[in-house]
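Student: To start, I am sharing the structure in question, which I have written as structure tokens.
The values are calculated or read from the model by the stated rules, or taken from the named source; none is laboratory data. Since we're looking at a predicted model, the values are computed, not measured. Counting neighbours? That spans all protein chains shown, and the Cβs are built from the backbone with ideal geometry, glycine included.
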Amino acid sequence: MKIRRADSELRQQIEHEANRTYGVSDFFSNYELIISGEGRVRATTSETLQLASILKKVDSIGLYVAKYRKWGLTLSIEGSHYLCQQLKSTLELDREDAIRWMMAAPVEARQKTSGKFVVARYQGFCMGTGVVGRDGRAYPQVPKWRRIPEE
Amino acid sequence: MEHRRITLSEQLLAFLRELPDIDIDSLMEAYSRPLPSSIRINTLKTSVERCLSLLREDGYLLEKIPWTRYGYYVSGGDNLAESIWHMLGLVYFQGPVSMLAAELLDVEPGNYVLDLCAAPGSKSTHIAQLLQERGVIVANDISVDRVKALASNMQKVGVINSIITLRDGRIFGKRHPSMFDRVLVDAPCSSLGIISKDWSVAKRWSEKVSERISRLQLGLLISGFDALKPGGKMIYSTCTLHPLENEAVVSELLEKREDAKLENLHVEGVKTRKPLEEWKGMTFHPDIRRCIRIYPCDSGAEGFFFAKIVKQDGGGA
Ligand SMILES: C[S@@+](CC[C@H](N)C(=O)[O-])C[C@H]1O[C@@H](n2cnc3c(N)ncnc32)[C@H](O)[C@@H]1O
């Protein structure tokens with residue numbers, strides 16, 4: 001695997017987007033950011049990256065924390081978990097909606113959301129980004145393998 | 001608990017009867033029971049207290065597994081595997097005895113740890129939790145499909161200091177000698193300790209299977225040892241009962257690497273058995289008695305073999 005480290009310019013763009021969208025002021029500043037396919041951003045420690053550079057047949061490094069595309073920055077469940085304390089606003093869910101969220105089913109964005117992205121939270125645990133549609137509902141970006149199966 | 005009747009081949013029964021110090025009826029009884037449902041609380045995402053309280057609120061009954069720090073038997077409630085807490089990665093399903101591998105490895109935050117046969121990641125995720133984000137866990141496996149599951153599990157648990165590699169573990173040590181503080185070789189095996197999880201294991205087994213796999217295990221163990229720094233520690237584990245895959249492999253390593261020494265293993269809370277000192281005309285290294293066997297009839301769960309090996313400082317590989 002060719003390791004593509006985010007250069008300072010790309011890093012700045014991502015940090016800016018994280019701040020603008022989520023109010024995050026410290027986007028993994030103590031970590032290295034690696035870019036993999038489809039705009040995936042992975043975070044890891046510099047020690048890990050250093051060791052990875054001398055190993056062969058590396059399949060992946062660190063944690064997938066966000067996806068950065070032209071139309072915006074979405075946070076993975078783990079990315080939002082790390083940044084949870086910094087998020088300026090989250091969509092607080094009750095148990096029923098939290099389960100719907102983890103089934104990747106749309107959830108009514110009851111609180112006012114300022115932009116098109118919102119991070120859901122249940123019992124203090126951040127659960128990744130949802131895209132807010134014109135219908136005022138948030139569409140969670142939960143990957144298939146993380147979803148609670150439908151009955 | 002549900003009981004089913006299991007039948008074993010004559011060949012397998014004959015082998016089991018030859019094991020000293022085991023009551024076949026109790027073993028058969030253990031094989032006939034499904035493994036208990038057990039989880040490890042993932043302290044990379046939550047604290048033990050908080051997790052227990054969330055699970056109890058949802059109606060789950062939890063009982064501490066005595067020989068682990070983070071393991072619990074779980075019953076009651078809805079299907080926990082399909083719960084929000086599992087999907088968010090607060091808990092990881094793992095067999096109670098399997099949790100001993102990482103527990104016995106003496107992982108310290110800051111260590112460089114290699115898990116040579118890591119997929120699907122039960123032990124790598126456990127090691128990552130013990131590292132507390134300091135140091136590095138290199139999780140390796142040879143199987144493309146199983147590495148996908150490994151990557152998913154490492155993600156779900158939230159491991160940031162991980163490297164996943166996809167290669168034959170037998171060449172790791174040659175390519176990267178003396179690099180790791182800790183190495184785990186949780187080797188592929190004939191799985192005779194987990195027949196209750198998968199009865200087809202019993203059907204597929206023959207003496208030849210154990211003979212063949214023991215050569216692969218030795219290659220992996222030597223490679224893992226070579227990847228260890230002087231002063232480093234290694235655990236060799238299998239979920240099988242056959243001496244060719246356990247005592248014989250470890251004994252051979254001690255013959256081939258003079259800086260390899262066995263440390264005594266001691267586990268509180270579950271009965272452990274002495275390893276075999278000889279088998280069918282083979283006499284194992286005298287230090288082999290430092291290893292342990294755990295039988296399904298003693299743990300009420302899986303059967304395992306564990307050896308703890310240290311690389312002496314100043315020796316040459
Ligand atoms: C007992 S399982 C490991 C279970 C894992 N440690 C866990 O706790 O989730 C054995 C693993 O060894 C892998 N394996 C088999 N041959 C190998 C080799 N030559 N090099 C590396 N891994 C190998 C298999 O693909 C399998 O995933």
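Student: For the range A:41-60, which positions are within 17 Å of A:N30 (Cα to Cα) and more than 7 Å from every other protein chain (Cβ to nearest Cβ)?
Tutor: The answer is A:V41, A:R42, A:S46, A:L49, A:Q50.
Student: Sticking with this structure for a sec: Would you confirm whether any residue within the range A:34-43 is assigned to a loop (DSSP other than H, G, I, E, B), at negative phi and not assigned by TED's automatic domain parsing to the domain that holds A:G115?
Tutor: As a first pass, look at the range A:34-43 and keep what is assigned to a loop (DSSP other than H, G, I, E, B): none.
No: zero hits.
Student: Across the range A:61-80, which residue is farthest from B:R175 (Cα to Cα) among those that are at the interface with another protein chain (Cβ under 7 Å from one of its Cβ atoms) and either surrounded by 24 or more Cβ atoms within 10 Å (Cβ to Cβ) or among the acidic types (D, E) (or both)?
Tutor: Restricting attention to the range A:61-80, the residues satisfying the condition of being at the interface with another protein chain (Cβ under 7 Å from one of its Cβ atoms) are A:61-64, A:77-78.
Now restrict to residues that are either surrounded by 24 or more Cβ atoms within 10 Å (Cβ to Cβ) or among the acidic types (D, E) (or both): A:61-63, A:77-78.
Details: A:I61: 19, A:G62: 22, A:L63: 26, A:I77: 36, A:E78: 33 Å.
Among those residues, the one meeting the criterion is A:I77.
Student: For the range B:134-168, how many residues are within 9 Å of the ligand (Cβ to nearest atom) and within 13 Å of B:S124 (Cβ to Cβ)?
Tutor: Residues in the range B:134-168 being within 9 Å of the ligand (Cβ to nearest atom) and within 13 Å of B:S124 (Cβ to Cβ): 8 in total.
Student: Taking the options B:K45, B:K123, name whichever one is charged (D, E, K, R), surrounded by 16 or more Cβ atoms within 10 Å (Cβ to Cβ) and within 14 Å of chain A (Cβ to nearest Cβ).
Tutor: Exactly one of B:K45, B:K123 is charged (D, E, K, R), surrounded by 16 or more Cβ atoms within 10 Å (Cβ to Cβ) and within 14 Å of chain A (Cβ to nearest Cβ), namely B:K45.
Student: Something else: Report, by residue number, each residue of the range B:194-216 that is assigned to a loop (DSSP other than H, G, I, E, B) and either away from the ligand (no atom under 13 Å from the Cβ) or touching a Lys or Arg at 6+ places or on another chain (Cβ under 9 Å) (or both). If you could, list the steps in order and put the result at the bottom.
Tutor: Our first condition is that a residue be assigned to a loop (DSSP other than H, G, I, E, B); within the range B:194-216, this holds for B:194-199, B:205-206.
B:I195, B:S196, B:W199, B:W205, B:S206, listed by residue number.
Student: Can you name the condition, by its number, that B:T240 falls short on among (1) assigned to a loop (DSSP other than H, G, I, E, B); (2) in contact with a Pro (Cβ under 9 Å, 6 or more places away or on another chain)?
Tutor: All conditions pass for B:T240, except number (2).
Student: Tell me whether the range B:81-95 contains one or more residues that are surrounded by fewer than 16 Cβ atoms within 10 Å (Cβ to Cβ), part of a loop (DSSP other than H, G, I, E, B) and more than 16 Å from the chain's Cα centre (by Cα).
Tutor: No - not one qualifying residue is present in the range B:81-95.
Student: Any residue in the range A:82-97 that is under 18 Å from the mean Cα position of the chain (by Cα), assigned to a helix (DSSP H, G or I), farther than 19 Å from A:R20 by Cβ and hydrophobic (A, V, I, L, M, F, W, C)?
Tutor: No: zero hits.
Student: Would you check if A:T21 is β-branched (V, I, T), touching a residue at least 60 places away in the same chain (Cβ under 8 Å), buried (at least 20 other Cβ atoms within 10 Å of the Cβ) and part of a helix (DSSP H, G or I)?
Tutor: So A:T21 passes the test.
Student: Have a look at B:V138, B:V183 and point out the one that is at the interface with chain A (Cβ under 9 Å from one of its Cβ atoms), in a strand (DSSP E or B), surrounded by 24 or more Cβ atoms within 10 Å (Cβ to Cβ) and touching a strand residue (DSSP E or B) at 6+ places or on another chain (Cβ under 9 Å). Reasoning before the result, please.
Tutor: Details: B:V183 fails: at the interface with chain A (Cβ under 9 Å from one of its Cβ atoms).
Of the residues listed, the single one that is at the interface with chain A (Cβ under 9 Å from one of its Cβ atoms), in a strand (DSSP E or B), surrounded by 24 or more Cβ atoms within 10 Å (Cβ to Cβ) and touching a strand residue (DSSP E or B) at 6+ places or on another chain (Cβ under 9 Å) is B:V138.
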